[in-house]
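Each remark here refers to the structure printed beneath this line.
The values are calculated or read from the model by the stated rules, or taken from the named source; none is laboratory data. This is a predicted model, so every value here is computed, not measured. Note: ideal-geometry Cβ built from the backbone for every residue, glycine included; neighbour counts use all protein chains shown. For accessibility, only protein heavy atoms count, side chains too; no ligands or nucleic acids. Shrake-Rupley method; radii C 1.70, N 1.55, O 1.52, S 1.80 Å.
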Amino acid sequence: MHDTGTKNSERTGTTKGVALLTGDPKKAIIRLSIPMIAAMLLFSTYNLADAVWVAGLGSDALAAVGFMTPVFMIITGLAVGLGAGASSAVARRIGAEDRAGADNTAVHAVLLALGLGALLTIPLILLAGPVAALLGAGEISELAAAYGQTLFAGTVFSFFINVAYAILRAEGDTKRTMYAMGVSSVLNIVLDPIFIYGAGMGVAGAALATVISIAAVSAVLVYWLFVRKDTYVSLSREAFSPDFRVIRDILGVGLPASLEFFLMSALAIIINGLLVQVAGTDAVAVYTTGWRVVMFAIIPFVAIGTSVVSVSGAAYGARKYERLKTAHTFSVGLGAAIALAMSAVTWLFASQIALIFTYSAESAHLAPAITAFLMTMCFFYPFVPPGIMSGSIFQGTGKGTTSLLISFLRNLVFIAVFAWALAVPLGMGEAGVWWGIVAGNTLGGIVGFLWARFYIARLIATEQGPDTA
(Lines give C-alpha, C1' and ligand atoms only; values in the text may rest on other atoms or scores of the structure.)
Protein backbone atom coordinates (compact mmCIF):
# COMPACT_ATOMS: atom_id res chain seq x y z
CA MET A 1 0.00 0.00 0.00
CA HIS A 2 2.97 2.33 -0.24
CA ASP A 3 3.25 3.05 -3.99
CA THR A 4 1.29 6.27 -3.86
CA GLY A 5 2.96 8.11 -6.70
CA THR A 6 4.33 10.82 -4.41
CA LYS A 7 7.83 12.08 -3.91
CA ASN A 8 9.13 13.01 -0.50
CA SER A 9 7.06 15.20 1.81
CA GLU A 10 9.59 17.97 2.35
CA ARG A 11 8.02 21.42 2.56
CA THR A 12 9.84 22.46 -0.56
CA GLY A 13 9.12 21.13 -4.01
CA THR A 14 5.98 19.31 -5.05
CA THR A 15 4.62 15.82 -5.63
CA LYS A 16 3.83 13.84 -8.74
CA GLY A 17 0.14 14.19 -7.93
CA VAL A 18 0.27 17.98 -7.76
CA ALA A 19 2.35 18.15 -10.96
CA LEU A 20 -0.26 16.00 -12.69
CA LEU A 21 -3.14 18.04 -11.30
CA THR A 22 -1.75 21.33 -12.56
CA GLY A 23 -0.71 20.01 -15.99
CA ASP A 24 -2.69 18.84 -19.02
CA PRO A 25 -6.38 18.49 -17.96
CA LYS A 26 -7.02 15.49 -20.24
CA LYS A 27 -4.06 13.56 -18.91
CA ALA A 28 -4.93 14.52 -15.34
CA ILE A 29 -8.55 13.39 -15.67
CA ILE A 30 -7.55 10.01 -17.10
CA ARG A 31 -4.73 9.38 -14.61
CA LEU A 32 -6.81 10.48 -11.62
CA SER A 33 -10.02 8.78 -12.74
CA ILE A 34 -8.67 5.26 -13.25
CA PRO A 35 -7.78 4.72 -9.58
CA MET A 36 -10.99 6.50 -8.55
CA ILE A 37 -13.11 4.22 -10.74
CA ALA A 38 -11.43 1.19 -9.20
CA ALA A 39 -11.81 2.66 -5.72
CA MET A 40 -15.50 3.48 -6.13
CA LEU A 41 -16.29 0.14 -7.72
CA LEU A 42 -14.74 -1.51 -4.68
CA PHE A 43 -16.48 0.88 -2.28
CA SER A 44 -19.85 0.29 -3.92
CA THR A 45 -19.60 -3.35 -2.94
CA TYR A 46 -20.64 -2.22 0.54
CA ASN A 47 -24.23 -1.76 -0.63
CA LEU A 48 -24.16 -4.52 -3.22
CA ALA A 49 -22.71 -7.06 -0.78
CA ASP A 50 -25.27 -6.05 1.83
CA ALA A 51 -28.08 -6.45 -0.70
CA VAL A 52 -26.86 -9.83 -1.94
CA TRP A 53 -26.52 -11.29 1.55
CA VAL A 54 -29.69 -9.64 2.90
CA ALA A 55 -31.63 -11.02 -0.08
CA GLY A 56 -31.31 -14.44 1.53
CA LEU A 57 -33.43 -13.17 4.42
CA GLY A 58 -36.39 -12.41 2.15
CA SER A 59 -38.19 -9.43 0.62
CA ASP A 60 -39.09 -7.91 4.03
CA ALA A 61 -35.40 -7.62 4.89
CA LEU A 62 -34.64 -6.09 1.49
CA ALA A 63 -37.47 -3.59 1.93
CA ALA A 64 -36.31 -2.78 5.50
CA VAL A 65 -32.88 -1.87 4.19
CA GLY A 66 -34.57 0.07 1.38
CA PHE A 67 -36.60 2.21 3.76
CA MET A 68 -33.49 3.25 5.69
CA THR A 69 -31.46 3.88 2.53
CA PRO A 70 -32.74 7.48 2.04
CA VAL A 71 -31.68 8.37 5.59
CA PHE A 72 -28.27 6.80 5.07
CA MET A 73 -28.02 8.74 1.80
CA ILE A 74 -28.57 11.98 3.70
CA ILE A 75 -25.76 11.19 6.15
CA THR A 76 -23.46 10.00 3.38
CA GLY A 77 -24.38 13.10 1.42
CA LEU A 78 -23.35 15.37 4.27
CA ALA A 79 -20.02 13.57 4.53
CA VAL A 80 -19.37 13.45 0.77
CA GLY A 81 -20.53 17.06 0.43
CA LEU A 82 -18.11 18.20 3.10
CA GLY A 83 -15.43 16.25 1.25
CA ALA A 84 -16.32 18.02 -2.00
CA GLY A 85 -15.97 21.36 -0.24
CA ALA A 86 -12.60 20.35 1.17
CA SER A 87 -11.36 19.01 -2.17
CA SER A 88 -12.40 22.18 -4.01
CA ALA A 89 -10.95 24.56 -1.42
CA VAL A 90 -7.65 22.71 -1.10
CA ALA A 91 -7.24 22.22 -4.88
CA ARG A 92 -7.86 25.92 -5.56
CA ARG A 93 -5.12 26.87 -3.08
CA ILE A 94 -2.75 24.34 -4.62
CA GLY A 95 -3.47 25.83 -8.05
CA ALA A 96 -2.75 29.29 -6.65
CA GLU A 97 0.53 27.92 -5.18
CA ASP A 98 -0.64 28.73 -1.64
CA ARG A 99 0.69 25.68 0.17
CA ALA A 100 0.26 27.07 3.68
CA GLY A 101 -3.35 27.91 2.82
CA ALA A 102 -3.91 24.38 1.54
CA ASP A 103 -2.52 22.95 4.79
CA ASN A 104 -4.72 25.16 6.95
CA THR A 105 -7.80 24.37 4.86
CA ALA A 106 -7.20 20.62 5.16
CA VAL A 107 -6.96 20.82 8.97
CA HIS A 108 -10.17 22.86 9.13
CA ALA A 109 -11.90 20.21 7.00
CA VAL A 110 -10.85 17.33 9.27
CA LEU A 111 -12.00 19.18 12.40
CA LEU A 112 -15.35 19.93 10.76
CA ALA A 113 -15.75 16.27 9.82
CA LEU A 114 -15.03 14.98 13.31
CA GLY A 115 -17.27 17.58 14.94
CA LEU A 116 -20.28 17.00 12.67
CA GLY A 117 -19.92 13.22 12.82
CA ALA A 118 -19.87 13.20 16.62
CA LEU A 119 -22.77 15.64 16.82
CA LEU A 120 -25.08 13.53 14.63
CA THR A 121 -24.38 10.03 15.94
CA ILE A 122 -26.59 9.85 19.06
CA PRO A 123 -29.67 11.58 17.55
CA LEU A 124 -29.51 9.26 14.54
CA ILE A 125 -29.38 6.14 16.72
CA LEU A 126 -32.24 7.31 18.96
CA LEU A 127 -34.50 8.36 16.09
CA ALA A 128 -33.99 5.36 13.78
CA GLY A 129 -37.24 3.68 14.86
CA PRO A 130 -39.53 6.72 14.60
CA VAL A 131 -37.99 7.69 11.27
CA ALA A 132 -38.56 4.20 9.84
CA ALA A 133 -42.22 4.39 10.85
CA LEU A 134 -42.54 7.91 9.45
CA LEU A 135 -41.17 6.75 6.10
CA GLY A 136 -43.93 4.15 5.81
CA ALA A 137 -42.08 0.98 6.83
CA GLY A 138 -45.17 -0.16 8.73
CA GLU A 139 -44.88 -3.66 10.16
CA ILE A 140 -41.21 -3.88 9.18
CA SER A 141 -40.29 -0.67 11.05
CA GLU A 142 -38.54 -2.61 13.81
CA LEU A 143 -36.45 -4.48 11.25
CA ALA A 144 -35.53 -1.23 9.48
CA ALA A 145 -34.63 0.42 12.79
CA ALA A 146 -32.32 -2.45 13.77
CA TYR A 147 -30.40 -1.94 10.54
CA GLY A 148 -30.31 1.84 10.86
CA GLN A 149 -29.25 2.06 14.51
CA THR A 150 -26.22 -0.13 13.96
CA LEU A 151 -25.24 1.62 10.74
CA PHE A 152 -25.51 5.11 12.24
CA ALA A 153 -23.10 4.17 15.03
CA GLY A 154 -20.32 4.60 12.45
CA THR A 155 -21.27 8.14 11.43
CA VAL A 156 -18.08 9.79 12.70
CA PHE A 157 -15.95 7.31 10.73
CA SER A 158 -17.98 8.00 7.60
CA PHE A 159 -17.37 11.74 7.89
CA PHE A 160 -13.66 11.34 8.53
CA ILE A 161 -12.90 8.97 5.65
CA ASN A 162 -14.79 11.12 3.13
CA VAL A 163 -12.83 14.23 4.07
CA ALA A 164 -9.54 12.30 4.16
CA TYR A 165 -10.23 10.90 0.70
CA ALA A 166 -11.06 14.42 -0.50
CA ILE A 167 -7.76 15.83 0.76
CA LEU A 168 -5.84 13.10 -1.07
CA ARG A 169 -7.83 13.75 -4.27
CA ALA A 170 -7.22 17.49 -3.98
CA GLU A 171 -3.49 16.93 -4.25
CA GLY A 172 -3.82 14.47 -7.13
CA ASP A 173 -3.24 11.32 -5.06
CA THR A 174 -6.04 8.94 -5.98
CA LYS A 175 -4.02 5.72 -5.69
CA ARG A 176 -4.07 5.81 -1.91
CA THR A 177 -7.82 6.33 -2.01
CA MET A 178 -8.10 3.21 -4.15
CA TYR A 179 -6.01 1.17 -1.71
CA ALA A 180 -8.00 2.31 1.33
CA MET A 181 -11.38 1.70 -0.28
CA GLY A 182 -10.20 -1.69 -1.48
CA VAL A 183 -9.20 -2.85 1.99
CA SER A 184 -12.45 -1.61 3.47
CA SER A 185 -14.59 -3.26 0.78
CA VAL A 186 -12.90 -6.66 1.04
CA LEU A 187 -13.26 -6.59 4.81
CA ASN A 188 -16.96 -5.78 4.49
CA ILE A 189 -17.54 -8.66 2.06
CA VAL A 190 -15.82 -11.07 4.44
CA LEU A 191 -17.68 -9.86 7.53
CA ASP A 192 -21.18 -9.70 5.99
CA PRO A 193 -22.02 -13.43 6.04
CA ILE A 194 -20.29 -13.86 9.40
CA PHE A 195 -22.50 -11.31 11.16
CA ILE A 196 -25.70 -11.77 9.13
CA TYR A 197 -25.86 -15.57 9.30
CA GLY A 198 -23.00 -16.83 11.45
CA ALA A 199 -23.83 -14.58 14.40
CA GLY A 200 -27.55 -14.62 13.57
CA MET A 201 -27.79 -10.82 13.55
CA GLY A 202 -29.77 -10.53 10.30
CA VAL A 203 -29.95 -7.06 8.75
CA ALA A 204 -28.18 -5.53 11.76
CA GLY A 205 -25.22 -7.79 10.99
CA ALA A 206 -24.89 -6.23 7.53
CA ALA A 207 -24.75 -2.80 9.14
CA LEU A 208 -22.17 -3.89 11.72
CA ALA A 209 -19.92 -5.28 9.00
CA THR A 210 -20.01 -1.87 7.30
CA VAL A 211 -19.20 0.02 10.50
CA ILE A 212 -16.21 -2.18 11.32
CA SER A 213 -14.94 -1.84 7.75
CA ILE A 214 -15.00 1.95 7.71
CA ALA A 215 -13.47 2.08 11.20
CA ALA A 216 -10.57 -0.05 9.95
CA VAL A 217 -9.92 2.16 6.93
CA SER A 218 -10.08 5.22 9.18
CA ALA A 219 -7.11 3.82 11.07
CA VAL A 220 -5.18 3.42 7.79
CA LEU A 221 -5.94 7.01 6.78
CA VAL A 222 -4.86 8.33 10.18
CA TYR A 223 -1.54 6.57 9.71
CA TRP A 224 -0.97 8.06 6.26
CA LEU A 225 -1.99 11.60 7.12
CA PHE A 226 -0.77 12.01 10.70
CA VAL A 227 2.01 9.45 11.21
CA ARG A 228 3.72 8.75 7.91
CA LYS A 229 3.24 12.36 6.69
CA ASP A 230 4.37 11.94 3.09
CA THR A 231 1.48 13.88 1.56
CA TYR A 232 1.82 17.28 -0.12
CA VAL A 233 -0.66 18.79 2.32
CA SER A 234 0.51 18.84 5.93
CA LEU A 235 -1.99 18.06 8.70
CA SER A 236 -0.50 19.31 11.94
CA ARG A 237 -1.18 21.64 14.84
CA GLU A 238 1.43 24.03 13.45
CA ALA A 239 -0.39 24.25 10.11
CA PHE A 240 -3.67 25.22 11.77
CA SER A 241 -4.72 28.84 12.14
CA PRO A 242 -8.44 29.27 12.96
CA ASP A 243 -10.08 31.27 10.18
CA PHE A 244 -13.82 31.62 9.65
CA ARG A 245 -13.19 32.50 5.99
CA VAL A 246 -11.70 29.05 5.44
CA ILE A 247 -14.73 27.40 7.04
CA ARG A 248 -17.01 29.53 4.87
CA ASP A 249 -15.05 28.55 1.76
CA ILE A 250 -15.30 24.83 2.56
CA LEU A 251 -18.99 25.03 3.43
CA GLY A 252 -19.68 27.25 0.41
CA VAL A 253 -19.26 24.14 -1.70
CA GLY A 254 -19.76 21.51 0.99
CA LEU A 255 -23.24 22.52 2.16
CA PRO A 256 -24.75 22.81 -1.34
CA ALA A 257 -23.09 19.50 -2.28
CA SER A 258 -24.56 17.92 0.86
CA LEU A 259 -27.97 19.35 0.04
CA GLU A 260 -27.71 17.71 -3.38
CA PHE A 261 -27.62 14.36 -1.60
CA PHE A 262 -30.51 15.51 0.57
CA LEU A 263 -32.46 16.23 -2.60
CA MET A 264 -31.67 12.72 -3.87
CA SER A 265 -32.81 11.31 -0.54
CA ALA A 266 -35.98 13.37 -0.66
CA LEU A 267 -36.56 12.08 -4.18
CA ALA A 268 -36.05 8.49 -2.98
CA ILE A 269 -38.68 9.07 -0.29
CA ILE A 270 -41.07 10.48 -2.90
CA ILE A 271 -40.39 7.56 -5.23
CA ASN A 272 -40.92 5.06 -2.40
CA GLY A 273 -44.23 6.72 -1.56
CA LEU A 274 -45.38 6.66 -5.18
CA LEU A 275 -44.44 3.00 -5.52
CA VAL A 276 -46.29 2.01 -2.35
CA GLN A 277 -49.32 3.94 -3.62
CA VAL A 278 -49.43 2.35 -7.06
CA ALA A 279 -47.91 -1.11 -6.48
CA GLY A 280 -47.19 -1.93 -2.79
CA THR A 281 -44.06 -2.54 -0.69
CA ASP A 282 -42.64 -5.16 -3.07
CA ALA A 283 -42.23 -2.33 -5.59
CA VAL A 284 -39.99 -0.56 -3.05
CA ALA A 285 -37.84 -3.70 -2.77
CA VAL A 286 -37.58 -3.82 -6.58
CA TYR A 287 -36.67 -0.14 -6.87
CA THR A 288 -34.11 -0.03 -4.05
CA THR A 289 -32.49 -3.28 -5.15
CA GLY A 290 -32.41 -2.30 -8.82
CA TRP A 291 -31.17 1.17 -7.98
CA ARG A 292 -28.11 -0.34 -6.32
CA VAL A 293 -27.20 -1.81 -9.70
CA VAL A 294 -27.83 1.52 -11.42
CA MET A 295 -25.59 3.30 -8.92
CA PHE A 296 -22.93 0.67 -9.55
CA ALA A 297 -23.19 1.23 -13.31
CA ILE A 298 -22.75 5.01 -13.07
CA ILE A 299 -19.72 4.78 -10.77
CA PRO A 300 -17.26 5.54 -13.62
CA PHE A 301 -19.04 8.84 -14.23
CA VAL A 302 -19.00 9.77 -10.55
CA ALA A 303 -15.31 8.86 -10.35
CA ILE A 304 -14.48 11.01 -13.36
CA GLY A 305 -16.56 13.79 -11.82
CA THR A 306 -14.56 13.73 -8.58
CA SER A 307 -11.39 14.07 -10.63
CA VAL A 308 -12.91 17.00 -12.50
CA VAL A 309 -13.53 18.79 -9.17
CA SER A 310 -9.82 18.65 -8.36
CA VAL A 311 -8.64 19.48 -11.88
CA SER A 312 -11.07 22.38 -12.31
CA GLY A 313 -10.27 23.67 -8.82
CA ALA A 314 -6.56 23.80 -9.61
CA ALA A 315 -7.22 25.44 -13.00
CA TYR A 316 -9.53 28.01 -11.43
CA GLY A 317 -7.03 28.78 -8.67
CA ALA A 318 -4.36 29.35 -11.31
CA ARG A 319 -6.86 31.41 -13.40
CA LYS A 320 -6.29 29.18 -16.44
CA TYR A 321 -9.89 29.11 -17.62
CA GLU A 322 -9.29 27.45 -20.99
CA ARG A 323 -8.38 24.35 -18.98
CA LEU A 324 -11.90 24.38 -17.52
CA LYS A 325 -13.36 24.12 -21.01
CA THR A 326 -10.96 21.33 -21.90
CA ALA A 327 -11.75 19.43 -18.70
CA HIS A 328 -15.50 19.79 -19.22
CA THR A 329 -15.52 18.77 -22.88
CA PHE A 330 -13.17 15.85 -22.42
CA SER A 331 -14.86 14.46 -19.29
CA VAL A 332 -18.34 14.59 -20.83
CA GLY A 333 -17.13 12.83 -23.98
CA LEU A 334 -15.27 10.17 -22.03
CA GLY A 335 -18.25 9.60 -19.75
CA ALA A 336 -20.70 9.35 -22.65
CA ALA A 337 -18.59 6.69 -24.36
CA ILE A 338 -18.48 4.61 -21.20
CA ALA A 339 -22.22 5.17 -20.67
CA LEU A 340 -23.15 3.69 -24.02
CA ALA A 341 -21.20 0.55 -23.17
CA MET A 342 -22.84 0.37 -19.73
CA SER A 343 -26.29 0.72 -21.28
CA ALA A 344 -25.65 -2.17 -23.64
CA VAL A 345 -24.32 -4.42 -20.87
CA THR A 346 -27.26 -3.63 -18.58
CA TRP A 347 -29.80 -4.29 -21.33
CA LEU A 348 -28.23 -7.59 -22.41
CA PHE A 349 -27.65 -9.02 -18.94
CA ALA A 350 -30.54 -7.55 -16.96
CA SER A 351 -32.09 -10.92 -16.13
CA GLN A 352 -28.79 -12.42 -15.02
CA ILE A 353 -28.08 -9.40 -12.82
CA ALA A 354 -31.55 -9.67 -11.26
CA LEU A 355 -30.88 -13.30 -10.31
CA ILE A 356 -28.00 -12.19 -8.08
CA PHE A 357 -30.51 -10.47 -5.79
CA THR A 358 -33.32 -13.01 -6.06
CA TYR A 359 -31.59 -16.33 -5.44
CA SER A 360 -33.66 -17.24 -2.38
CA ALA A 361 -37.18 -18.64 -2.45
CA GLU A 362 -38.39 -15.61 -0.46
CA SER A 363 -37.18 -13.08 -3.03
CA ALA A 364 -37.44 -15.07 -6.29
CA HIS A 365 -40.78 -13.49 -7.18
CA LEU A 366 -39.06 -10.10 -7.57
CA ALA A 367 -36.80 -11.25 -10.45
CA PRO A 368 -39.05 -10.29 -13.42
CA ALA A 369 -39.75 -6.82 -12.02
CA ILE A 370 -36.07 -6.12 -11.25
CA THR A 371 -35.17 -7.24 -14.78
CA ALA A 372 -37.74 -4.87 -16.28
CA PHE A 373 -36.52 -2.04 -14.04
CA LEU A 374 -32.91 -2.45 -15.19
CA MET A 375 -33.91 -2.61 -18.86
CA THR A 376 -35.69 0.72 -18.39
CA MET A 377 -33.04 2.53 -16.37
CA CYS A 378 -30.22 1.91 -18.86
CA PHE A 379 -31.77 4.44 -21.26
CA PHE A 380 -30.71 7.45 -19.24
CA TYR A 381 -27.07 6.39 -18.70
CA PRO A 382 -25.70 8.47 -21.63
CA PHE A 383 -27.26 11.60 -20.13
CA VAL A 384 -25.67 11.13 -16.71
CA PRO A 385 -22.12 12.33 -17.60
CA PRO A 386 -23.19 15.81 -18.84
CA GLY A 387 -24.96 16.44 -15.54
CA ILE A 388 -22.26 15.05 -13.27
CA MET A 389 -19.32 16.70 -15.06
CA SER A 390 -21.10 20.05 -15.18
CA GLY A 391 -21.85 19.92 -11.47
CA SER A 392 -18.20 19.05 -10.83
CA ILE A 393 -17.07 22.13 -12.76
CA PHE A 394 -19.24 24.34 -10.56
CA GLN A 395 -18.07 22.64 -7.37
CA GLY A 396 -14.42 22.85 -8.38
CA THR A 397 -14.67 26.58 -9.04
CA GLY A 398 -16.46 27.26 -5.76
CA LYS A 399 -19.94 27.69 -7.26
CA GLY A 400 -21.62 25.07 -5.08
CA THR A 401 -24.97 26.88 -5.07
CA THR A 402 -25.24 26.66 -8.85
CA SER A 403 -24.58 22.92 -8.75
CA LEU A 404 -27.27 22.63 -6.08
CA LEU A 405 -29.80 24.52 -8.18
CA ILE A 406 -29.21 22.21 -11.14
CA SER A 407 -29.63 19.20 -8.84
CA PHE A 408 -32.87 20.67 -7.48
CA LEU A 409 -34.28 21.06 -10.97
CA ARG A 410 -33.29 17.51 -11.90
CA ASN A 411 -34.56 15.75 -8.79
CA LEU A 412 -37.52 17.64 -7.35
CA VAL A 413 -38.81 19.25 -10.53
CA PHE A 414 -38.04 17.06 -13.52
CA ILE A 415 -37.89 13.54 -12.02
CA ALA A 416 -40.53 13.93 -9.30
CA VAL A 417 -43.05 15.57 -11.63
CA PHE A 418 -42.48 13.13 -14.51
CA ALA A 419 -42.66 10.11 -12.19
CA TRP A 420 -45.92 11.28 -10.62
CA ALA A 421 -47.47 12.29 -13.95
CA LEU A 422 -46.69 9.00 -15.67
CA ALA A 423 -47.55 6.79 -12.69
CA VAL A 424 -50.76 8.38 -11.44
CA PRO A 425 -52.64 10.63 -13.93
CA LEU A 426 -51.49 8.64 -16.96
CA GLY A 427 -52.06 5.34 -15.13
CA MET A 428 -48.74 3.67 -15.98
CA GLY A 429 -48.24 2.59 -12.37
CA GLU A 430 -44.87 1.16 -11.34
CA ALA A 431 -43.43 1.37 -14.87
CA GLY A 432 -44.50 5.01 -15.04
CA VAL A 433 -42.33 5.81 -12.03
CA TRP A 434 -39.38 4.17 -13.75
CA TRP A 435 -39.84 6.07 -17.01
CA GLY A 436 -40.32 9.29 -15.05
CA ILE A 437 -36.87 8.76 -13.52
CA VAL A 438 -35.40 8.26 -17.00
CA ALA A 439 -37.07 11.35 -18.48
CA GLY A 440 -36.19 13.61 -15.56
CA ASN A 441 -32.54 12.55 -15.47
CA THR A 442 -32.22 13.06 -19.21
CA LEU A 443 -33.62 16.58 -19.12
CA GLY A 444 -31.55 17.43 -16.04
CA GLY A 445 -28.34 16.32 -17.74
CA ILE A 446 -29.02 18.51 -20.76
CA VAL A 447 -29.79 21.59 -18.64
CA GLY A 448 -26.67 21.11 -16.52
CA PHE A 449 -24.43 20.78 -19.56
CA LEU A 450 -25.72 23.95 -21.22
CA TRP A 451 -25.44 25.93 -17.98
CA ALA A 452 -21.81 24.90 -17.48
CA ARG A 453 -20.88 25.78 -21.06
CA PHE A 454 -22.34 29.25 -20.63
CA TYR A 455 -20.48 29.76 -17.33
CA ILE A 456 -17.13 28.66 -18.76
CA ALA A 457 -17.61 30.84 -21.85
CA ARG A 458 -18.20 33.88 -19.60
CA LEU A 459 -15.06 33.15 -17.61
CA ILE A 460 -12.95 32.91 -20.75
CA ALA A 461 -14.51 35.98 -22.35
CA THR A 462 -14.16 38.31 -19.40
CA GLU A 463 -10.90 36.86 -18.01
CA GLN A 464 -12.27 37.42 -14.53
CA GLY A 465 -12.66 34.89 -11.75
CA PRO A 466 -15.00 34.90 -8.79
CA ASP A 467 -17.16 37.88 -9.85
CA THR A 468 -18.34 36.60 -13.21
CA ALA A 469 -21.22 34.33 -12.21
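In whole percent, how big is the carbon plus sulfur part of the accessible area of the range 344-445, probe 1.4 Å, protein atoms only? Don't jump to the answer; show the numbers that get you there.
Details: 2910 of 3800 Å².
Carbon and sulfur atoms account for 77 percent of the accessible area of the range 344-445.
As an exercise, use a Förster radius of 35 Å and the Cβ-Cβ distance of residue 276 and residue 344 to find the FRET efficiency, rounded to the nearest 0.05. It would help to have the intermediate numbers written out before the result.
Working: r = 32 Å, r/R0 = 0.93.
That pair, residue 276 with residue 344, gives E of 0.60.
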Accessible area (Å², per residue) of the chain, counting only protein heavy atoms and a probe of 1.4 Å: 38
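Around residue 407, under 15 Å between beta carbons, what's the net of Lys plus Arg minus Asp minus Glu among the other residues? Provide the component values of the computation, followed by the final result.
Numbers: positive: 399, 410; negative: 260.
Net charge in that neighbourhood comes out at +1.
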If 291, 224, 420, 451 are ordered by their accessible area, calculated over protein heavy atoms with a 1.4 Å probe, which sequence runs from highest to lowest? 420, 451, 291, 224
Could you give the nm distance between label points at residue 329 and residue 222, where each point is 7 Å from its Cα heading toward the beta carbon? 4.8
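Give the longest segment of the chain that steers clear of GluC sites (Glu not before Pro) in DSSP loops with at most 10 neighbouring Cβ atoms within 10 Å, not counting the sites themselves.
11-237
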Heavy-atom accessible area ranking, 1.4 Å probe, most first, across 269, 29: 269, 29
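Determine the share of the range 63-124's accessible area contributed by carbon and sulfur atoms, expressed in whole percent, with a 1.4 angstrom probe.
Values: 1350 of 1750 Å².
Exposed carbon and sulfur together represent 77 percent of the surface.
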Would you work out what percent of the accessible area of the range 235-301, with all protein chains in place, is carbon or sulfur (probe 1.4 Å)? 66
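Report the extension gain between residue 236 and residue 446 in nm, rounded to one decimal, defined as 0.36 nm multiplied by the number of residues separating them, less their alpha carbon distance.
Working: separation 210, 0.36 × 210 = 75.60 nm, distance 4.34 nm.
Contour length minus Cα-Cα distance gives 71.3 nm.
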